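Accompanying notes for the structure given below.
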Amino acid sequence: MRLHLYAVLVALSTAVLIFAGGLVTSTGSGLSVPDWPTTYGWFMFTFPLDKMVGGIRFEHAHRLIASTVGFLILILAVWLRLAEPRQWVRRLGYIALGAVVTQGILGGITVLWFLPDPISIAHASLAQLVFCLTIAIALTTSPGWKRAYAGRGPVPDDRILQQIATATTVLVYVQILVGATMRHTDAGLAIPDFPLAFGHLIPPSWDPKIAVHFAHRVGALVVAIFAIATTGHVFYHHRSRPELWRPSALLLVLITLQITLGALTVLSHKHYIINSLHVVTGASVLATSLVLTLRTRRGSFDRLTGSREQDESYGMHRDVRPVRGHA
Amino acid sequence: MNTYLRLCVAFLLLGSIACGGGNTEKSAAPPATAVADPVNPDTAGALKGSIKLEGTPPAAQTINRRSDPYCEQQGEAKTQNFIVSNGGLENVFVYVKDGLGDMKFPVPTTAVVLDQKGCSYAPRVFGIQAGQPLEILNSDETLHNIHALPMNNREFNRGQALKGLKHTHVFTTAEVMVPFKCDVHNWMNAWVGVLNHPFYTVSGSGGTFDIERLPPGTYSIEAWHEKLGTQTQMVTIGPKETKELSFTFKL
């Protein structure tokens, strides 16, 4: 249980990190600290607080939070190695560690190379994957997951739900990629009005920035339709399963909030707080959709892990492979 | 499993090594070869003129500088996009765009100074010859980063954490204009026109400008303003002749 609570803490801290990263780009502070991994020549953790002024406040704070999250994920990976009997969950920890290290390096490279769009977009996109990994670890170490949500009988093996929930998660991630591209190519106000585009349903003229901006708006619509379909299916067929309807309901709430924030981002001419909230809410939509998707496929994980035995301490199945302290 | 951890650590170290050298920018260009001044002072002419502005420019806005207490303490600062005096527009970069042919000009060894003072750039608009040193100085008791965003020269971004720090940079290629910005203080902007010759100036009080020692010839003269873009005019200057030229920007 402590491991699960720690994993939740790591996931929350990753969300904070994404918000801090959103503040960096929203305030145009990405290059306010020109060097990396040092800060104006100081070792990162000894940089004087009174020198955190202007854009440095956002960029340096982002680096400090990122380092903290990296350290938390390192501890999580070690903890999983020592205490987690399921090999695939331990592997999630290693992957999360590798991803967050890669993410840090990408962040450094993007500063040293003056924010090239592909690197900056990759940095933003990998951040979402790191968040998804921490969410997946938090979920799979939870008591509910370990009990296979068996309180009301086994999780239904609903193929349709699995497919639309998976499609929703993939679409949300693609939508975030388009959003990151829009953000890092400075196309956030390429269409300056909302809900129309230059007063029309379809933009009357096109250029690459307008195209990526419009794609993000259409993507929001597509994601919303899939989210409604997923939620509708859950509420119609699985109303008695709180592990399914809770994330479904949350998904709808978050998507409504996210579209509102997207509109406000345009109407407020990219106010940096609204813009950053839009980024972190997008990550929350992805995380919620991922949780729902994984829960719909809970049964598949038992089949995937091959031979296993009953673990009395969990009241669940686990790998046979002996682990330190569990053999 | 140790293999995974070792791979991660190795990746981190390799990345650090690969990226660590990126900040040691070599700003100095090779020294320019000595070139004789092709301008004959007995025949050289001059160009004088003024920059007019039609229309009412937007009122200067007070800049919110609360993000840095030092900058806030320097007093109120206003936007400087349009500085108009006696009907003339200041801070317009005027230069010979074309007409000098293959003439080569000596490159001054004296540095042009771009100062960061009172959380503003001084000067805001200026010119320099390619190969001439540009000395960037921090006169403030706060941090600045000096970030140049050229199209044809090499981009650079240097931090100056302490008062009195200097950084010398040499642009190698002519380019009009190269923007500078401070990412710490997002209101700080400056522009430099980099040219292969010395025939450039910036309009001053009353929008007036003056380019001297021009060899006789027919020239394309361009005027650049940070918000209003460029205007170009042709002018022919005879031996010892001083021509008047006027540009009018419209809002």
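Counting residues in the stretch A:75-86 that are assigned to a helix (DSSP H, G or I), at negative phi, within 11 Å of chain B (Cβ to nearest Cβ) and touching an Asp or Glu at 6+ places or on another chain (Cβ under 8 Å) gives zero. Only one entry in B:227, B:243 is surrounded by fewer than 19 Cβ atoms within 10 Å (Cβ to Cβ), of a type in the set (D, E, K, R) and in a strand (DSSP E or B), namely B:243. Restricting the stretch B:125-166 to residues that are β-branched (Val, Ile, Thr) and farther than 26 Å from residue B:105 by Cα, the residue that is surrounded by the fewest Cβ atoms within 10 Å (Cβ to Cβ) is B:142.
Residues are listed down the side, and each one gets a yes or a no for (1) more than 14 Å from every other protein chain (Cβ to nearest Cβ); (2) closer than 19 Å to residue B:182 by Cβ; (3) over 24 Å from the mean Cα position of the chain (by Cα):
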| site | (1), (2), (3) |
| --- | --- |
| B:63 | no, yes, no |
| B:67 | no, yes, yes |
| B:75 | yes, yes, yes |
| B:136 | no, yes, no |
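Return yes when residue A:234 is surrounded by 18 or more Cβ atoms within 10 Å (Cβ to Cβ), assigned to a loop (DSSP other than H, G, I, E, B) and touching a residue at least 24 places away in the same chain (Cβ under 8 Å) and no when it is not. Break it down into steps so the answer makes sense when it comes.
Numbers: surrounded by 18 or more Cβ atoms within 10 Å (Cβ to Cβ): yes; assigned to a loop (DSSP other than H, G, I, E, B): no; touching a residue at least 24 places away in the same chain (Cβ under 8 Å): yes.
Considered against the rule, which asks whether it is surrounded by 18 or more Cβ atoms within 10 Å (Cβ to Cβ), assigned to a loop (DSSP other than H, G, I, E, B) and touching a residue at least 24 places away in the same chain (Cβ under 8 Å), residue A:234 comes out as no.
Is there a residue being under 20 Å from the mean Cα position of the chain (by Cα), not in a helix (DSSP H, G or I) and not aliphatic (A, V, I, L, M) anywhere in the stretch A:135-142? Within the stretch A:135-142 (the criterion being under 20 Å from the mean Cα position of the chain (by Cα), not in a helix (DSSP H, G or I) and not aliphatic (A, V, I, L, M)), the answer is yes, since at least one residue qualifies.
Given the criteria out of contact with any strand residue (DSSP E or B) (no Cβ under 8 Å at 6 or more places or on another chain), surrounded by fewer than 20 Cβ atoms within 10 Å (Cβ to Cβ), within 13 Å of another protein chain (Cβ to nearest Cβ) and under 14 Å from residue A:127 (Cβ atoms), does residue A:102 qualify? Spelling it out, residue A:102 is indeed out of contact with any strand residue (DSSP E or B) (no Cβ under 8 Å at 6 or more places or on another chain), surrounded by fewer than 20 Cβ atoms within 10 Å (Cβ to Cβ), within 13 Å of another protein chain (Cβ to nearest Cβ) and under 14 Å from residue A:127 (Cβ atoms). If you check A:183, A:241 for being surrounded by 15 or more Cβ atoms within 10 Å (Cβ to Cβ), within 22 Å of residue A:257 (Cα to Cα) and of a type in the set (D, E, K, R), only one passes: A:183. A count restricted to the stretch A:14-52 and to residues that are surrounded by fewer than 17 Cβ atoms within 10 Å (Cβ to Cβ) and more than 12 Å from chain B (Cβ to nearest Cβ) stands at 6. Quick check, is residue A:207 surrounded by fewer than 19 Cβ atoms within 10 Å (Cβ to Cβ), without any contact (Cβ under 8 Å) to a residue 24 or more places away in the chain, among the charged types (D, E, K, R) and assigned by TED's automatic domain parsing to the domain that holds residue A:292? Here the answer is yes, as residue A:207 does meet what is asked.
The values are calculated or read from the model by the stated rules, or taken from the named source; none is laboratory data. Bear in mind the structure is a predicted one, so any value in this text is a computation, not a measurement. All Cβ positions, even for glycine, are placed from backbone atoms using ideal geometry, and neighbour counts span all protein chains on display.
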